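The values are calculated or read from the model by the stated rules, or taken from the named source; none is laboratory data. The shown structure was predicted, so the numbers you read here are calculated from the model rather than taken from an experiment. Backbone-built Cβ (ideal geometry, glycine too); neighbour counts: all protein chains shown.
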Amino acid sequence: MSNIESKKVFIARNLILIILTLQISSCTGQVSENSGNDKKENEVNTQPPILNQSTTFPQIHTNLNGMVREFVRTMYQDKKGNYWFGTNGNGIIRYDGQALEKMTIADVSPHFRVLEIVEDKAGNLWFGTSEGLIQYDGKKFTKFSKKEGLQGEDEEIWGLTIDKSGLIWVGSIGGVSHFDGKKFTPFLLPDTKVENPKPMLSDKLVFKFLEDRNGTMWFATDGNGIFKYKSGEFIHLTSKNGLTDNNVADILEDKQGNIWIGTFNGGVSKYDGKTYTNFTKDGIIAGEETYNFYEDSQGNIWFTAEGYGVYRYDGANFTQFTTENGLTTNVVQSILEDKKGQLWFGTWQGISIYDGNNFMNAKDKEPWTK
(Lines give C-alpha, C1' and ligand atoms only; values in the text may rest on other atoms or scores of the structure.)
Protein backbone atom coordinates (compact mmCIF):
# COMPACT_ATOMS: atom_id res chain seq x y z
CA MET A 1 0.00 0.00 0.00
CA SER A 2 1.44 3.39 -0.97
CA ASN A 3 1.79 6.26 1.48
CA ILE A 4 -1.04 8.18 -0.19
CA GLU A 5 -3.29 5.11 -0.31
CA SER A 6 -2.64 4.23 3.34
CA LYS A 7 -3.37 7.82 4.33
CA LYS A 8 -6.70 7.70 2.50
CA VAL A 9 -7.60 4.46 4.28
CA PHE A 10 -6.61 6.01 7.61
CA ILE A 11 -8.70 9.13 7.09
CA ALA A 12 -11.68 7.25 5.67
CA ARG A 13 -11.74 4.76 8.54
CA ASN A 14 -11.51 7.51 11.12
CA LEU A 15 -14.32 9.53 9.57
CA ILE A 16 -16.59 6.49 9.33
CA LEU A 17 -15.92 5.50 12.93
CA ILE A 18 -16.46 9.06 14.14
CA ILE A 19 -19.87 9.20 12.44
CA LEU A 20 -20.78 5.91 14.10
CA THR A 21 -19.68 7.02 17.57
CA LEU A 22 -22.39 6.31 20.14
CA GLN A 23 -23.27 8.98 22.67
CA ILE A 24 -23.45 7.13 26.00
CA SER A 25 -23.78 8.59 29.48
CA SER A 26 -21.44 8.16 32.47
CA CYS A 27 -21.10 4.68 33.94
CA THR A 28 -18.97 2.42 36.11
CA GLY A 29 -18.04 -1.23 36.47
CA GLN A 30 -16.05 -3.92 34.66
CA VAL A 31 -16.38 -7.54 33.66
CA SER A 32 -14.26 -9.80 31.52
CA GLU A 33 -15.29 -10.24 27.92
CA ASN A 34 -16.04 -13.94 28.07
CA SER A 35 -18.02 -13.80 31.29
CA GLY A 36 -21.71 -14.65 31.44
CA ASN A 37 -24.47 -12.15 32.07
CA ASP A 38 -24.71 -13.25 35.70
CA LYS A 39 -21.15 -12.19 36.58
CA LYS A 40 -20.70 -9.50 39.18
CA GLU A 41 -19.31 -6.18 38.02
CA ASN A 42 -15.76 -6.57 39.30
CA GLU A 43 -15.45 -10.31 38.82
CA VAL A 44 -12.93 -11.18 36.12
CA ASN A 45 -11.97 -14.32 34.28
CA THR A 46 -8.21 -14.52 33.82
CA GLN A 47 -8.43 -17.18 31.10
CA PRO A 48 -7.79 -15.35 27.83
CA PRO A 49 -10.69 -15.79 25.41
CA ILE A 50 -9.82 -16.98 21.92
CA LEU A 51 -11.85 -15.00 19.44
CA ASN A 52 -12.21 -15.52 15.70
CA GLN A 53 -12.56 -11.98 14.45
CA SER A 54 -11.83 -11.18 10.84
CA THR A 55 -9.02 -8.67 10.39
CA THR A 56 -8.37 -6.10 7.71
CA PHE A 57 -4.98 -7.61 6.94
CA PRO A 58 -3.47 -11.05 7.71
CA GLN A 59 -2.03 -11.10 11.24
CA ILE A 60 1.61 -12.15 10.85
CA HIS A 61 2.26 -11.49 14.54
CA THR A 62 -0.15 -11.69 17.47
CA ASN A 63 -3.39 -9.75 17.58
CA LEU A 64 -3.70 -10.52 21.30
CA ASN A 65 -5.25 -13.97 20.90
CA GLY A 66 -7.73 -12.67 18.35
CA MET A 67 -9.03 -9.85 20.53
CA VAL A 68 -8.01 -7.18 18.01
CA ARG A 69 -9.56 -7.07 14.57
CA GLU A 70 -7.66 -4.01 13.35
CA PHE A 71 -4.72 -2.68 15.37
CA VAL A 72 -3.52 -1.39 18.71
CA ARG A 73 -3.45 2.39 18.52
CA THR A 74 -1.77 3.10 21.85
CA MET A 75 0.08 1.10 24.53
CA TYR A 76 1.02 1.89 28.12
CA GLN A 77 2.61 0.11 31.09
CA ASP A 78 1.40 1.40 34.44
CA LYS A 79 3.28 1.80 37.72
CA LYS A 80 2.23 -1.68 38.82
CA GLY A 81 3.62 -3.25 35.66
CA ASN A 82 0.32 -3.95 33.91
CA TYR A 83 0.26 -3.45 30.15
CA TRP A 84 -2.69 -1.60 28.64
CA PHE A 85 -3.61 -1.80 24.97
CA GLY A 86 -5.90 0.81 23.45
CA THR A 87 -7.41 -0.62 20.29
CA ASN A 88 -8.96 0.82 17.17
CA GLY A 89 -12.45 -0.54 17.73
CA ASN A 90 -12.10 -3.26 20.36
CA GLY A 91 -11.87 -1.13 23.48
CA ILE A 92 -9.34 -1.63 26.29
CA ILE A 93 -7.29 -4.79 26.84
CA ARG A 94 -5.08 -5.38 29.89
CA TYR A 95 -2.16 -7.79 30.27
CA ASP A 96 -0.98 -8.42 33.85
CA GLY A 97 2.11 -10.38 32.83
CA GLN A 98 0.24 -13.68 32.76
CA ALA A 99 -3.10 -13.35 30.98
CA LEU A 100 -4.95 -11.03 28.65
CA GLU A 101 -8.22 -9.49 29.77
CA LYS A 102 -10.80 -7.53 27.78
CA MET A 103 -12.04 -4.67 29.96
CA THR A 104 -15.74 -4.24 29.35
CA ILE A 105 -17.45 -1.18 30.78
CA ALA A 106 -21.13 -1.42 31.65
CA ASP A 107 -23.44 0.34 29.16
CA VAL A 108 -20.57 1.22 26.83
CA SER A 109 -20.21 -0.39 23.42
CA PRO A 110 -17.37 -2.95 23.36
CA HIS A 111 -16.28 -1.53 20.02
CA PHE A 112 -15.04 1.87 21.12
CA ARG A 113 -11.67 3.27 20.13
CA VAL A 114 -8.86 4.27 22.50
CA LEU A 115 -6.49 6.97 21.31
CA GLU A 116 -4.48 7.98 24.41
CA ILE A 117 -3.58 6.53 27.82
CA VAL A 118 -2.02 8.53 30.67
CA GLU A 119 -1.50 7.91 34.40
CA ASP A 120 -1.77 10.48 37.18
CA LYS A 121 0.35 10.72 40.33
CA ALA A 122 -2.21 8.75 42.34
CA GLY A 123 -2.04 5.84 39.91
CA ASN A 124 -5.38 6.47 38.21
CA LEU A 125 -5.40 5.67 34.51
CA TRP A 126 -7.11 7.98 32.03
CA PHE A 127 -8.19 6.89 28.57
CA GLY A 128 -9.00 9.26 25.73
CA THR A 129 -11.61 7.39 23.70
CA SER A 130 -14.34 7.68 21.09
CA GLU A 131 -16.78 7.58 24.05
CA GLY A 132 -15.21 10.47 25.95
CA LEU A 133 -12.77 10.41 28.88
CA ILE A 134 -12.63 7.20 30.92
CA GLN A 135 -10.94 6.84 34.33
CA TYR A 136 -9.79 3.60 35.95
CA ASP A 137 -9.02 3.89 39.67
CA GLY A 138 -7.78 0.32 40.08
CA LYS A 139 -11.24 -1.07 40.84
CA LYS A 140 -13.79 0.47 38.52
CA PHE A 141 -14.16 2.51 35.35
CA THR A 142 -15.92 5.89 35.26
CA LYS A 143 -16.81 7.73 32.09
CA PHE A 144 -16.86 11.51 31.71
CA SER A 145 -18.33 13.10 28.59
CA LYS A 146 -20.98 15.64 27.55
CA LYS A 147 -22.83 15.34 30.84
CA GLU A 148 -19.75 16.70 32.63
CA GLY A 149 -19.20 19.42 30.01
CA LEU A 150 -17.05 17.85 27.29
CA GLN A 151 -17.38 20.19 24.33
CA GLY A 152 -19.11 19.53 21.02
CA GLU A 153 -21.49 16.92 19.70
CA ASP A 154 -18.71 14.41 19.08
CA GLU A 155 -17.11 13.07 22.26
CA GLU A 156 -14.03 11.53 20.64
CA ILE A 157 -10.78 12.50 22.38
CA TRP A 158 -7.46 12.53 20.51
CA GLY A 159 -5.23 14.69 22.67
CA LEU A 160 -4.66 13.92 26.37
CA THR A 161 -1.98 14.85 28.88
CA ILE A 162 -1.57 15.67 32.57
CA ASP A 163 0.55 18.71 33.37
CA LYS A 164 2.93 19.13 36.29
CA SER A 165 0.17 20.62 38.47
CA GLY A 166 -2.05 17.57 37.88
CA LEU A 167 -4.47 19.32 35.54
CA ILE A 168 -5.77 17.13 32.73
CA TRP A 169 -5.76 18.62 29.23
CA VAL A 170 -8.28 17.16 26.84
CA GLY A 171 -8.38 17.62 23.07
CA SER A 172 -11.69 16.44 21.62
CA ILE A 173 -13.36 16.94 18.27
CA GLY A 174 -15.29 19.77 19.94
CA GLY A 175 -12.27 21.66 21.25
CA VAL A 176 -9.78 21.92 24.12
CA SER A 177 -10.75 21.61 27.80
CA HIS A 178 -9.21 21.46 31.23
CA PHE A 179 -10.49 18.63 33.40
CA ASP A 180 -10.12 18.71 37.20
CA GLY A 181 -11.50 15.21 37.79
CA LYS A 182 -15.11 16.34 37.97
CA LYS A 183 -15.91 18.79 35.20
CA PHE A 184 -14.52 20.16 31.94
CA THR A 185 -13.65 23.83 31.56
CA PRO A 186 -13.29 25.11 27.97
CA PHE A 187 -9.87 26.46 27.02
CA LEU A 188 -10.02 28.62 23.92
CA LEU A 189 -7.16 28.80 21.43
CA PRO A 190 -6.66 32.00 19.41
CA ASP A 191 -8.82 32.57 16.34
CA THR A 192 -5.81 33.12 14.07
CA LYS A 193 -5.73 30.68 11.16
CA VAL A 194 -3.13 29.66 8.63
CA GLU A 195 -3.83 30.44 5.00
CA ASN A 196 -6.17 27.82 3.53
CA PRO A 197 -6.28 25.49 6.55
CA LYS A 198 -7.04 21.84 5.79
CA PRO A 199 -8.19 20.05 8.94
CA MET A 200 -8.79 16.32 8.54
CA LEU A 201 -11.28 15.91 11.39
CA SER A 202 -12.04 19.26 13.05
CA ASP A 203 -10.64 22.79 13.05
CA LYS A 204 -11.08 22.76 16.85
CA LEU A 205 -9.08 19.58 17.43
CA VAL A 206 -5.70 19.33 19.16
CA PHE A 207 -4.01 16.04 18.28
CA LYS A 208 -1.24 16.33 20.87
CA PHE A 209 -0.36 18.31 23.99
CA LEU A 210 3.12 18.87 25.40
CA GLU A 211 4.24 20.65 28.53
CA ASP A 212 7.95 21.34 28.11
CA ARG A 213 10.58 21.65 30.83
CA ASN A 214 9.98 25.41 31.04
CA GLY A 215 6.27 25.01 31.68
CA THR A 216 5.24 26.11 28.20
CA MET A 217 2.26 24.24 26.75
CA TRP A 218 2.41 23.18 23.10
CA PHE A 219 -0.77 22.41 21.16
CA ALA A 220 -0.40 20.44 17.92
CA THR A 221 -3.57 21.26 16.01
CA ASP A 222 -5.47 19.66 13.16
CA GLY A 223 -4.38 21.78 10.21
CA ASN A 224 -3.53 25.02 12.02
CA GLY A 225 0.10 24.49 13.01
CA ILE A 226 1.23 24.65 16.64
CA PHE A 227 0.31 27.07 19.42
CA LYS A 228 2.72 27.70 22.30
CA TYR A 229 1.16 29.01 25.50
CA LYS A 230 2.60 30.44 28.69
CA SER A 231 1.46 33.08 31.18
CA GLY A 232 -1.60 33.97 29.12
CA GLU A 233 0.31 34.55 25.88
CA PHE A 234 0.21 32.50 22.67
CA ILE A 235 2.79 32.09 19.90
CA HIS A 236 1.59 30.60 16.63
CA LEU A 237 4.05 28.37 14.76
CA THR A 238 3.17 27.75 11.12
CA SER A 239 4.77 26.94 7.79
CA LYS A 240 5.55 30.66 7.46
CA ASN A 241 7.87 30.70 10.49
CA GLY A 242 9.50 27.30 10.63
CA LEU A 243 7.09 24.38 10.29
CA THR A 244 7.27 22.27 7.14
CA ASP A 245 3.55 21.50 7.31
CA ASN A 246 0.60 22.97 9.19
CA ASN A 247 -0.95 19.53 9.65
CA VAL A 248 0.96 18.43 12.76
CA ALA A 249 0.59 14.80 13.83
CA ASP A 250 2.82 14.48 16.90
CA ILE A 251 5.22 16.34 19.18
CA LEU A 252 7.83 15.29 21.77
CA GLU A 253 10.45 16.96 23.98
CA ASP A 254 13.58 14.85 24.37
CA LYS A 255 15.91 14.71 27.37
CA GLN A 256 18.13 17.33 25.74
CA GLY A 257 15.26 19.81 25.48
CA ASN A 258 14.84 19.47 21.71
CA ILE A 259 11.29 19.51 20.36
CA TRP A 260 10.53 16.83 17.76
CA ILE A 261 7.66 17.57 15.39
CA GLY A 262 5.99 15.03 13.13
CA THR A 263 3.59 16.07 10.40
CA PHE A 264 1.19 14.47 7.96
CA ASN A 265 2.72 15.99 4.83
CA GLY A 266 6.14 17.39 5.73
CA GLY A 267 8.01 14.66 7.58
CA VAL A 268 9.89 15.12 10.84
CA SER A 269 11.74 18.12 12.26
CA LYS A 270 13.81 18.86 15.34
CA TYR A 271 13.62 22.29 16.95
CA ASP A 272 16.41 23.27 19.36
CA GLY A 273 14.77 26.51 20.46
CA LYS A 274 16.33 28.52 17.67
CA THR A 275 16.58 26.44 14.52
CA TYR A 276 14.42 23.86 12.78
CA THR A 277 16.17 20.91 11.15
CA ASN A 278 13.88 18.98 8.79
CA PHE A 279 15.35 15.54 8.24
CA THR A 280 12.80 14.58 5.60
CA LYS A 281 13.34 17.68 3.50
CA ASP A 282 17.10 17.17 3.76
CA GLY A 283 16.72 13.63 2.43
CA ILE A 284 18.07 11.96 5.58
CA ILE A 285 14.89 9.98 6.18
CA ALA A 286 12.01 8.89 3.94
CA GLY A 287 8.29 9.31 4.58
CA GLU A 288 6.20 12.46 4.78
CA GLU A 289 3.70 11.18 7.38
CA THR A 290 5.53 10.84 10.71
CA TYR A 291 4.38 10.39 14.31
CA ASN A 292 4.44 8.05 17.35
CA PHE A 293 7.55 9.67 18.83
CA TYR A 294 9.01 7.76 21.75
CA GLU A 295 12.24 8.27 23.71
CA ASP A 296 13.58 5.04 25.18
CA SER A 297 15.59 4.59 28.38
CA GLN A 298 18.85 4.88 26.43
CA GLY A 299 17.89 8.27 25.00
CA ASN A 300 17.14 6.97 21.50
CA ILE A 301 14.29 8.67 19.67
CA TRP A 302 11.92 6.31 17.84
CA PHE A 303 9.17 7.30 15.44
CA THR A 304 7.13 5.87 12.62
CA ALA A 305 7.06 6.95 8.99
CA GLU A 306 3.87 5.76 7.29
CA GLY A 307 4.81 3.11 4.75
CA TYR A 308 8.50 3.26 5.67
CA GLY A 309 8.57 1.40 8.97
CA VAL A 310 10.22 2.93 12.03
CA TYR A 311 13.32 5.03 12.63
CA ARG A 312 15.69 5.17 15.59
CA TYR A 313 17.84 8.23 16.21
CA ASP A 314 20.79 7.71 18.58
CA GLY A 315 21.84 11.35 18.77
CA ALA A 316 24.01 11.18 15.67
CA ASN A 317 22.51 8.78 13.14
CA PHE A 318 19.17 7.40 12.00
CA THR A 319 18.57 3.68 11.59
CA GLN A 320 15.55 2.52 9.62
CA PHE A 321 13.74 -0.74 10.45
CA THR A 322 11.35 -2.29 7.93
CA THR A 323 9.91 -5.69 7.00
CA GLU A 324 13.39 -6.59 5.79
CA ASN A 325 14.50 -6.41 9.43
CA GLY A 326 11.63 -8.54 10.69
CA LEU A 327 8.95 -5.90 11.25
CA THR A 328 5.52 -7.32 10.35
CA THR A 329 4.58 -4.37 8.14
CA ASN A 330 5.88 -0.90 7.35
CA VAL A 331 2.72 0.68 8.75
CA VAL A 332 3.20 1.03 12.53
CA GLN A 333 0.64 2.67 14.80
CA SER A 334 2.18 2.63 18.30
CA ILE A 335 5.47 2.24 20.19
CA LEU A 336 6.18 1.37 23.85
CA GLU A 337 9.27 0.46 25.86
CA ASP A 338 8.40 -1.78 28.82
CA LYS A 339 10.18 -2.14 32.15
CA LYS A 340 12.18 -5.06 30.74
CA GLY A 341 13.69 -2.79 28.09
CA GLN A 342 11.69 -4.46 25.32
CA LEU A 343 10.22 -2.26 22.60
CA TRP A 344 6.66 -3.06 21.51
CA PHE A 345 5.37 -2.10 18.08
CA GLY A 346 1.66 -2.16 17.32
CA THR A 347 1.12 -2.59 13.58
CA TRP A 348 -1.69 -3.30 11.12
CA GLN A 349 -0.54 -6.92 11.10
CA GLY A 350 -0.03 -7.67 14.77
CA ILE A 351 2.27 -6.76 17.65
CA SER A 352 6.05 -7.16 17.44
CA ILE A 353 8.68 -6.93 20.15
CA TYR A 354 12.24 -5.72 19.54
CA ASP A 355 14.80 -7.00 22.06
CA GLY A 356 17.65 -4.83 20.85
CA ASN A 357 18.70 -7.30 18.16
CA ASN A 358 15.63 -8.82 16.53
CA PHE A 359 11.95 -8.24 15.89
CA MET A 360 9.75 -11.15 16.91
CA ASN A 361 6.15 -12.09 17.53
CA ALA A 362 5.10 -10.64 20.91
CA LYS A 363 3.46 -13.92 21.90
CA ASP A 364 6.84 -15.65 21.63
CA LYS A 365 8.25 -13.29 24.25
CA GLU A 366 5.29 -13.04 26.63
CA PRO A 367 3.42 -15.93 28.32
CA TRP A 368 -0.20 -14.96 27.74
CA THR A 369 -0.87 -17.93 25.47
CA LYS A 370 0.17 -20.49 28.09
Confirm whether GLY257 is among the small types (Gly, Ala, Ser), in contact (Cβ under 8 Å) with a residue 12 or more places away in the chain, touching a Leu at 6+ places or on another chain (Cβ under 8 Å) and assigned to a loop (DSSP other than H, G, I, E, B). no
Index of the failed condition, THR277 passing every other in (1) free of Cβ contacts under 8 Å to residues at least 12 places away in the same chain; (2) in contact with a Pro (Cβ under 7 Å, 6 or more places away or on another chain): (2)
Please count how many residues of the stretch 70-82 are within 20 Å of the chain's Cα centre (by Cα), assigned to a loop (DSSP other than H, G, I, E, B) and either among the small types (Gly, Ala, Ser) or over 15 Å from LEU100 (Cβ atoms) (or both). 5
The conditions are (1) surrounded by fewer than 21 Cβ atoms within 10 Å (Cβ to Cβ); (2) farther than 30 Å from LYS147 by Cα; (3) among the aliphatic types (A, V, I, L, M), and MET200 fails exactly one of them. Which is it? (2)
Please specify each residue of the stretch 104-130 satisfying the condition of being part of a strand (DSSP E or B), modelled with pLDDT of 95 or more and of a type outside the set (D, E, K, R). VAL114, LEU115, ILE117, VAL118, LEU125, TRP126, PHE127, GLY128, THR129
Within the stretch 268-291, which residues are part of a loop (DSSP other than H, G, I, E, B) and either on the phi < 0 side of the Ramachandran plot or aliphatic (A, V, I, L, M) (or both)? ASP272, LYS274, THR275, PHE279, THR280, LYS281, ASP282, ILE284, ILE285, ALA286, GLU288, GLU289
Any idea which of (1) loosely packed, with under 13 Cβ neighbours inside 10 Å; (2) modelled with pLDDT under 95; (3) within 25 Å of ALA122 (Cβ to Cβ) is the one LYS183 doesn't satisfy? (1)
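Residues to consider are ASN330, ASN361, ASN317; find the one that is crowded, with 22+ Cβ neighbours inside 10 Å and either under 24 Å from GLU288 (Cβ atoms) or not charged (D, E, K, R) (or both). Spell out the reasoning first.
Numbers: ASN361 fails: crowded, with 22+ Cβ neighbours inside 10 Å; ASN317 fails: crowded, with 22+ Cβ neighbours inside 10 Å.
Exactly one of ASN330, ASN361, ASN317 is crowded, with 22+ Cβ neighbours inside 10 Å and either under 24 Å from GLU288 (Cβ atoms) or not charged (D, E, K, R) (or both), namely ASN330.
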Taking the options THR244, THR185, name whichever one is in a strand (DSSP E or B) and either free of Cβ contacts under 8 Å to residues at least 40 places away in the same chain or small (Gly, Ala, Ser) (or both). THR185
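Look at LYS339 and say whether it is part of a helix (DSSP H, G or I) and not hydroxyl-bearing (Ser, Thr, Tyr).
Spelling it out, it is not the case that LYS339 is part of a helix (DSSP H, G or I) and not hydroxyl-bearing (Ser, Thr, Tyr).
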Of the residues in the stretch 220-236, how many are surrounded by fewer than 22 Cβ atoms within 10 Å (Cβ to Cβ) and under 25 Å from ILE173 (Cα atoms)? 10
Evaluate the stretch 356-365: report whether one residue or more is over 28 Å from ASP96 (Cα atoms) and outside any loop (DSSP other than H, G, I, E, B). no
Residue hits (the stretch 74-88; small (Gly, Ala, Ser) and either over 15 Å from SER334 (Cα atoms) or surrounded by fewer than 19 Cβ atoms within 10 Å (Cβ to Cβ) (or both)) are GLY81
